[in-house]
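As structure tokens, the structure follows; a few thoughts come after it.
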Amino acid sequence: MIGQAVALQSDVPFPPEVGDFYLPSIVPWDGLNSLWFTKITALVWISTAILIIFFLTAYRKPKMVPGKAQWLAESAYGFVRDNISIEMLGAERGLRFAPYLASLLLFIVFNNLWSIVPIAQISPNSHIAFPAFLALISYVLFNYVGIKKFGFRKYMRNSLIPPAPWFVLPILIPIEFFSTFLVRPFSLAVRLFANMFAGHMLLLVFTLGGFAILQANAKLAAFSVLSWLMTIALTLLELLVIFLQAYVFTVLTASYIQGAVSEEH
């Protein structure tokens with residue numbers, strides 16, 4: 001009811017429609033609107049530029065006793081290399097995939113951080129297209145390394161035929177196919193998207209809810225303050241989710257690579 005009252009006063013449509021969740025293009029020329037260059041796309045480009053510039057700067061003149069930038073870059077890479085890549089894939093293979101896994105984790109972290117940055121206040125990963133594309137890259141990667149090691153036929157046999165009695169294989173093979181080739185990329189994308197989108201919506205609800213309550217009835221100012229305090233608490237929780245979801249996505253990718261190259265699935 002409060003939302004309806006505020007909407008009537010400000011001529012804002014209530015309730016919002018599906019189209020309201022699509023950000024408008026920020027490209028000013030009508031002829032280029034088809035590019036659909038939104039704020040989310042701009043944030044992805046900025047995150048990519050920050051990462052590239054940071055690592056180029058940190059390793060421009062590496063020293064035996066690292067400075068702050070070099071230490072931070074080495075710590076971030078070393079964490080992924082030692083605690084995810086080598087831990088799950090072994091020393092030799094882990095070093096091979098460490099650059100990709102480190103880039104993946106840091107890219108997700110930087111894009112997730114936009115959800116709590118003032119003015120930006122939205123993560124590109126709250127748009128399903130970006131988590132889906134990251135999941136697609138990981139999906140192609142773990143299938144590629146598996147096929148490269150075993151060949152297509154043996155890889156498919158390892159992936160689809162578990163060590164089980166022959167009479168249950170007609171049931172298990174479709175389940176294994178569904179799990180490996182459909183559920184894995186879908187769950188990777190949806191898990192990241194759903195968590196970031198839910199966090200964005202919660203912050204939005206409590207932030208705007210405080211203003212809506214205040215505009216509807218000034219006597220309820222205390223509830224507005226409570227709503228904004230909840231926003232602060234949820235922002236701290238969102239900060240934890242930002243790093244946790246990047247870690248989970250990276251660990252699952254490493255797990256899928258490990259499963260693709262192991263003899264027993």
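Under the condition of being part of a loop (DSSP other than H, G, I, E, B) and of a type in the set (A, V, I, L, M, F, W, C), which residue from the range 47-75 is surrounded by the fewest Cβ atoms within 10 Å (Cβ to Cβ)? Filtering the range 47-75 for residues that are part of a loop (DSSP other than H, G, I, E, B) and of a type in the set (A, V, I, L, M, F, W, C), the one surrounded by the fewest Cβ atoms within 10 Å (Cβ to Cβ) comes out as Met64. Within the range 77-131, the set of residues being open to solvent by 50 Å² or more (accessible area, probe 1.4 Å), touching a Pro at 6+ places or on another chain (Cβ under 9 Å) and not charged (D, E, K, R) comprises Tyr77, Phe130.
Does Ile137 satisfy the criteria of being within 20 Å of Thr180 (Cβ to Cβ) and either open to solvent by 50 Å² or more (accessible area, probe 1.4 Å) or at pLDDT below 90 (or both)? It is true that Ile137 is within 20 Å of Thr180 (Cβ to Cβ) and either open to solvent by 50 Å² or more (accessible area, probe 1.4 Å) or at pLDDT below 90 (or both). Could you say whether any residue in the range 206-217 is in contact with a Leu (Cβ under 8 Å, 6 or more places away or on another chain), under 17 Å from Ile122 (Cα atoms) and in a helix (DSSP H, G or I)? The answer is yes, given that some residue of the range 206-217 is in contact with a Leu (Cβ under 8 Å, 6 or more places away or on another chain), under 17 Å from Ile122 (Cα atoms) and in a helix (DSSP H, G or I). Among the residues examined, Leu239 does not qualify as out of contact with any Ser or Thr (no Cβ under 8 Å at 6 or more places or on another chain) and surrounded by fewer than 15 Cβ atoms within 10 Å (Cβ to Cβ). Could you tell me whether the range 151-160 includes any residue that is part of a helix (DSSP H, G or I), of a type outside the set (Val, Ile, Thr) and within 15 Å of Gln245 (Cβ to Cβ)? No. From the list Ala221, Ala254, the one residue that fits, being assigned to a helix (DSSP H, G or I) and in contact (Cβ under 8 Å) with a residue 60 or more places away in the chain, is Ala254. Anything in the range 163-172 that is in a helix (DSSP H, G or I) and open to solvent by 60 Å² or more (accessible area, probe 1.4 Å)? List them, or say none. The answer is Trp166, Phe167, Pro170, Ile171.
The values are calculated or read from the model by the stated rules, or taken from the named source; none is laboratory data. These figures come from a predicted structure and were not determined experimentally. For neighbour counting, all protein chains shown are included, and Cβ atoms are generated from backbone atoms with ideal geometry for every residue, glycine included. In case anyone asks, the SASA skips ligands and DNA or RNA and just uses the protein heavy atoms, side chains included. Shrake-Rupley method; radii C 1.70, N 1.55, O 1.52, S 1.80 Å.
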